[in-house]
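Comments concern the structure below.
Bear in mind that the values in this text are calculations on the coordinates, not laboratory data. Remember, predicted model here, so these are calculated numbers, not experimental data. With ideal geometry, Cβ positions are generated from the backbone for all residues, glycine too; neighbour counts draw on all protein chains shown.
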Number of protein chains: 4
Amino acid sequence: MDQVITETKTNAAPSITPDQLDMLVEEADRAKMKAYAPYSKFRVGAALLAEDGTIYSGANVENSSYGLTVCAERSTIFHAVSNGVRAFQAIVVTTDISESFVYPCGACRQVMSEFGNFDVYCLRPNGKVSRTTLADLIPFAFSPSDLSKGQ
Amino acid sequence: MDQVITETKTNAAPSITPDQLDMLVEEADRAKMKAYAPYSKFRVGAALLAEDGTIYSGANVENSSYGLTVCAERSTIFHAVSNGVRAFQAIVVTTDISESFVYPCGACRQVMSEFGNFDVYCLRPNGKVSRTTLADLIPFAFSPSDLSKGQ
Amino acid sequence: MDQVITETKTNAAPSITPDQLDMLVEEADRAKMKAYAPYSKFRVGAALLAEDGTIYSGANVENSSYGLTVCAERSTIFHAVSNGVRAFQAIVVTTDISESFVYPCGACRQVMSEFGNFDVYCLRPNGKVSRTTLADLIPFAFSPSDLSKGQ
Amino acid sequence: MDQVITETKTNAAPSITPDQLDMLVEEADRAKMKAYAPYSKFRVGAALLAEDGTIYSGANVENSSYGLTVCAERSTIFHAVSNGVRAFQAIVVTTDISESFVYPCGACRQVMSEFGNFDVYCLRPNGKVSRTTLADLIPFAFSPSDLSKGQ
Ligand SMILES: [Zn+2]
Ligand SMILES: [Zn+2]
Ligand SMILES: [Zn+2]
Ligand SMILES: [Zn+2]
C-alpha cells in the first residue's frame, strides 16, 4: 500500500522518495511484530535508512526495571551505529495507535541527533503518515560541540 | 547580581519575576559547585521552582558506566517529585560555558515534560540568560496520554 | 516498631545499629508514600545514611517513556551526591511486596557502587528485613579504575 | 587463535564449546572496531549466541549527553531481541584493556538477566578469557516476577 503523508511538521523538503518510504514502512511494521513489550503492551517498530542506502530496523525492548527499557528508535540506531554507520537519511516509526500520531521520546531525539539531522516519519496503522525532521523535534539540541566547550 | 535575559526562544510570557530568577540562579550556581563530574569535567547545576513556591536544586552525577549518568535537570526533578511535588513554574540551568547557551538534553526535556509545561532559563557564567519553555524545547512530546492510547 | 533482620546475604558485619535501621526504615516508608508510579503501580522508597550521619531519602519517578524512569535507590543517591556527599554507610529500600524480598536492580547497584561499598537493607511491609552489601550484590563491578585503564 | 580460559568465576559448567568461543571472540573483536566512543575512548565489542545458534554482535554507542550512552552488551541484546530472539547461550565481551578483566556494568547485567541465565566471557586483547555467568554477576536479581508481585 502506498503511504499517504497527511501531516507535515517541518519546512524542509522530504529527504526520500515515496518508494523508499514504502520500503521503510514495511521494515518498520515487520520489526514491530517482534517488540518485547510485556509491561506497557505498547509495541513500536522502526526502520532507518542510512546515507549509504542500507536499511536497519529494530523494536522496543522493555525491562522489569522500567528505566532499563529501550525504545524502537534507539534500538535501531544503536544497531546501525554498531555496524559502523554514522550518517542517515530518514527514520520511520510505527505503533499500534490509530487515533493520533506519536512522536519519538526525548531520549530518542537526543540519541538520533548525535548523528546530525534527518527526516522522521511517524506512521499510524491506518497508513497515515506525519513527516518532520530531527531539527524540528529537538530545537537547540545539546550537541557534541557543547560538550567540548565545557571541558 | 541581577540576571539579564539576553535571548528569548519562546512566544510565551515569563512565568516568574526577576527576583525569583535571581534566587533560582543563586541556588543553581550553588548546586553546580557540588556536581560529581569526574569524567566529562562538565559541571551543571539546576534549581527548580515548584508551584507551591518551594525551590529544589541538584547537580549532575556521572558514572564510570557513562550510560548511568544523570544530568542536573533530572537529578533536580527526581528530588522534587520524590518530595511529592508534581507541578512546577520554572527551572534554571547553569554551566561553566561562557561562549554560548547550552540547553537541556532530550532525556531531561522528556522527564520534565511528564509534569506539564514550564519556563526553562539557561544561564552562562557571565550572567547572560536565555529564556524558553519546555513546550518549545520538545514539540509534539511523547506524553502520558499517548501511552494510554497504546494499551 | 523494631525491625527484624530475618535474612543475611553477606559475610560482612552490619554497618549500622538497630536504632539507625529503625530511623532509616521510617524515612524510606515516608518516601515511598510520595512515589510517582502511575505505570507500574509499584511504589518504592529509599533512605540513605551518609558517613557524616545525614539521611537522604527518595522514591521512584516513572515516565511515560519507560526508559526514562528512575528507581528510588538512584533518586536517593543522586539527591545525596548533589548535596556534595560522596561516602555512605547504608541504604534501606522498601516496597509494597510482602511475600518475598526485592533487591535493587542492576542499574542502581552500579550507580551506588560508584561510591564504594556499603550495607543494603531490603524491607518487606511486614517488618522483615534482608541484609546484604553492595559488594555482594555486584561482584566484579565495573568501576572508575576500569574506565581509566581503557583510556 | 584459540582462546584460553584463564579465570573461572562460576561453579557452573561451560555452556559452549571452544570452537563456539573462538567464533564469538572473532565477532566481538570485529564489532569493537566499529564502536562509537568519542568521549570515553573506551571501545567495547560484544557477540551473543542465541539458543537457536544465531550470533548477534554490537558495540558501545556513546552520546554527548553521557547518560544516553549504551554499552556493547546492551546494544547487542537489543539487536537480538528486536529480531525476535528471547533465549541465549553465551555472550563474549571484548575491550582494549590488557592488564585486567572488565565485567559488564550493572545496567547490562540487568538487561541481560531479563532473558534468563547464560554464560558471560570477558576477553582481554592478549587472548586471556574469564568465564562466569549472569546468575553469578547479578545475584538476587530484580526480575519480571518481582514486578508482577507489586502490582
Ligand atoms: Zn524513545
Ligand atoms: Zn539531560
Ligand atoms: Zn533500580
Ligand atoms: Zn553496561
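Once every DSSP H run of n ≥ 4 in chain A is given -39500 (n - 2.57) and the sum is divided by its residues, what mean residue ellipticity at 222 nm do you get, rounded to the nearest 500 deg cm²/dmol?
-8000 deg cm²/dmol
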B:SER100 paired with D:LYS41, simple spin-label distance in nm, labels 7 Å along Cα-to-beta-carbon: 2.4
HN-Hα J in Hz across segment C:112-118 - Karplus 6.51, -1.76, 1.60, θ = phi - 60°, x for Gly and Pro: 5, 6, 4, 10, x, 9, 7
Quick one: what are the phi-derived ³J(HN,Hα) couplings along segment C:7-16, Karplus 6.51/-1.76/1.60 with θ = phi - 60°, whole Hz, x for glycine and proline? 9, 10, 10, 8, 8, 6, 6, x, 9, 9
For peptide C:111-123, the mean count of other chain Cβ atoms within 10 Å per residue Cβ is 2
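With the cut-off at 48 Å, report for the protein assembly as shown the share of all Cα pairs above it, as a whole percent. The partial results should precede the final answer.
Details: 14725 of 182106 pairs.
Roughly 8 percent, rounded to a whole number.
One-quarter of the Cα convex hull surface for segment B:4-149, in nm²?
Averaged projected area of segment B:4-149's Cα convex hull equals 9.1 nm².
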Measure out, as a whole number of angstrom, how far apart the alpha-carbon centroids of segment D:80-117 and segment A:53-70 sit. 15
How many Cβ atoms of partner chains, on average, are near each residue of A:134-143 if near means within 10 Å of its Cβ? 6
Cα-centre dipole for chain C with unit charges at Cβ (Lys and Arg positive, Asp and Glu negative), debye to 20: 420
Listed by chain and number, the residues whose amide H is under 5 Å from that of B:ARG43, excluding neighbours fewer than 5 places away on the same chain and using placed H, are B:ASP96
As a check on your reading of the symmetry: which chain B residue has its Cβ nearest the axis that brings B onto C, and how far is it in Å? B:HIS79, 2
Per-copy distances of the B:VAL4 label point, shortest first, in nm (7 angstrom along Cα→Cβ): 5.4, 6.8, 6.8
Going residue by residue through segment B:94-110, the Karplus relation 6.51 cos²θ - 1.76 cosθ + 1.60 with θ = phi - 60° gives ³J(HN,Hα) values, rounded to whole Hz and with x marking Gly or Pro, of 10, 10, 9, 8, 8, 6, 7, 7, 10, 9, x, 6, x, 5, 5, 4, 5
List, shortest first and in nm to one decimal, how far the label point of C:ALA87 (7 Å from Cα along Cα→Cβ) is from its counterparts in the other copies. 4.4, 5.0, 5.3
Going toward the positive end of the dipole of chain C, with +1 on Lys and Arg Cβ and -1 on Asp and Glu Cβ, which of C:GLN89, C:TYR56, C:PRO104 do you reach last? C:PRO104
Quick one: work out the % antiparallel among DSSP beta bridges in the protein assembly as shown, nearest 5. 65
In nm to one decimal, list the spacings between the C:ASP19 label point and its equivalents in the other copies, with label points set 7 Å along Cα to Cβ, shortest first. 4.4, 6.8, 8.1
Can you pull the mean other chain C-beta count within 10 Å for peptide A:27-36? 2
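Over segment C:4-149, what is the percentage of antiparallel beta bridges among all DSSP beta bridges, to the nearest 5? Could the numbers behind the result be given before it?
Working: 17 of 27 bridges.
Beta bridges within segment C:4-149, antiparallel portion: roughly 65 percent.
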